[in-house]
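The values are calculated or read from the model by the stated rules, or taken from the named source; none is laboratory data. As the structure is a prediction and not an experimental result, all values here were calculated from the model. Counting neighbours? That spans all protein chains shown, and the Cβs are built from the backbone with ideal geometry, glycine included. What goes into the accessible areas is simple: the full protein's heavy atoms, side chains included, and nothing from ligands, DNA or RNA. Shrake-Rupley method; radii C 1.70, N 1.55, O 1.52, S 1.80 Å.
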Amino acid sequence: MRGRAACPSHRADTILRVKTAVVSDLHLGAAGGLDVARQPGALERLAGALEGAERIVLLGDVLELRERPLAQLLELVRPFFEQLGEALEGRRVVIVPGNHDHALVEPWLTRLRLAGAPLGTENEWPVGRPETDGPAGVIASWMAKCEVTLAYPGLTPAPGVYATHGHYLDLHLTVPRLESIAASAMSRLTGRARCASADDFEAVLAPLYGFYAGLAQGASPEALQRGATLSRSVWGRATGNGRLGRLLLGRVTIPAAVAALNRLRIGPFSSQLTGPELRRAGLLAMGRVAQVLAPEAEHVVFGHTHRPGPLAGDERREWLSPSGTRLWNSGTWCFEPAFVSTRAEHSPYWPGTVLWLEPGVPPRIENGLRGYAVAGARIGAETPSA
């Protein structure tokens, strides 16, 4: 199936006008139990939150393929997909790979390369057997009572709405996250400083994703654990309660490193590590990617940043692209200890977001984990505003 053209026009129109629920960034199999959806009771909450949906879009980073070998990871998440498949019987489930589970789309990307065909901005393919469709085929076999498809790099789930995971944002984010630094360095290496198409983004980023996925197959468990927590550790030390550590890292080490990166023309990056700066940088990057992938769309939905929105209290003008496209984010079902603490569910990063797309009305955001006691929520720490 290639885009909507693979369906008869009347069926395609029907598909576009069904009630659709979008969830993203489950990171199933993440080290440390941060994948909330696998915690006791949370899967039931997720299934309940999706009860009224006619179609479900899993908008990227459904799996955490960087922290465990593939076979081990799949065995770990199998009960989740079997139970979710039972709950969603008879409905279409669309998997949209992101940066942490980019390997899911590799069988289809390989077929495109063999045909010498461009990727384009939206594709949707039926998922078949594991022998041909790899890990996505394994997932589909566990959800046999659902119609499972895979879309990449995005899809049009409703009239005027484009949805993509958002990993292409990393080429435009000014917050010096490790992934953004690597993406910027790769853009210089490949000579693609300006990406004007999905194929350009893939040329820069896909080699990185292949490296990360390959590393998970051979690195020691200890090395994978350190890699999984590195970014969170840096952010926590730069913004947390330890005054000396925050001063040295946030005001000395990071600014010096950022200045060096900018001198090397890797970036540009900002030395500010705050919740509001992360939100602001994310929105600017979302606007730039939306202009490339879906310049005609009225609404563009992203995941990736784990910050849902716009939420009540957000400045709605911030959630507009320069061309006037309305920007949305489907948040996460992953617990982020660097952002969530005592009054956890009041944090904008509280997991459990479901973004709804219904015919004739703008997207809307709900949360399926309000009042849920997430295992691992810290007591007595600050929650960064964002």
| remark: From highest to lowest solvent-accessible area (probe 1.4 Å; ligands, DNA and RNA excluded), THR20, THR174 read THR174, THR20
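Using per-residue counts of other Cβ atoms within 10 Å, averaged over each peptide, order 72-84, 349-361 from highest down. Spell out each step's value before the answer.
Details: 72-84: 17.2, 349-361: 20.5.
Ranking the peptides 72-84, 349-361 by packing returns 349-361, 72-84.
By per-residue mean of other Cβ atoms within 10 Å, what is the highest-first order of 58-66, 217-225, 277-285?
Values: 58-66: 28.7, 217-225: 12.2, 277-285: 20.9.
In descending order of packing, they fall as 58-66, 277-285, 217-225.
Using Cα pairs closer than 8 Å and at least 6 residues apart in sequence, work out the relative contact order for segment 42-189, in percent.
Details: 204 pairs, mean separation 36.4, N = 148.
Averaging sequence separation for qualifying contacts and normalising by length gives 25 percent for segment 42-189.
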| remark: Expected unfolding gain across GLN217-GLU75 under the 0.36 nm per residue rule, minus the alpha-carbon gap, is 49.7 nm
| task | Could you please state how large a percent of the accessible area of segment 12-101 is carbon and sulfur, counting protein chains only and using a 1.4 Å probe? | result | 50
| query | For segment 54-104, with every protein chain kept in place, what is the accessible area per residue (1.4 Å probe, Å²)? | reply | 31
| Once the other residues with Cβ under 12 Å from the Cβ of LYS19 are scored (Lys, Arg +1; Asp, Glu -1), what is the net sum? | +2
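Compute the Rg/Rh shape ratio of segment 55-191: radius of gyration over Kirkwood radius, all on alpha-carbon atoms.
Across segment 55-191, the Cα-based Rg/Rh ratio is 0.98.
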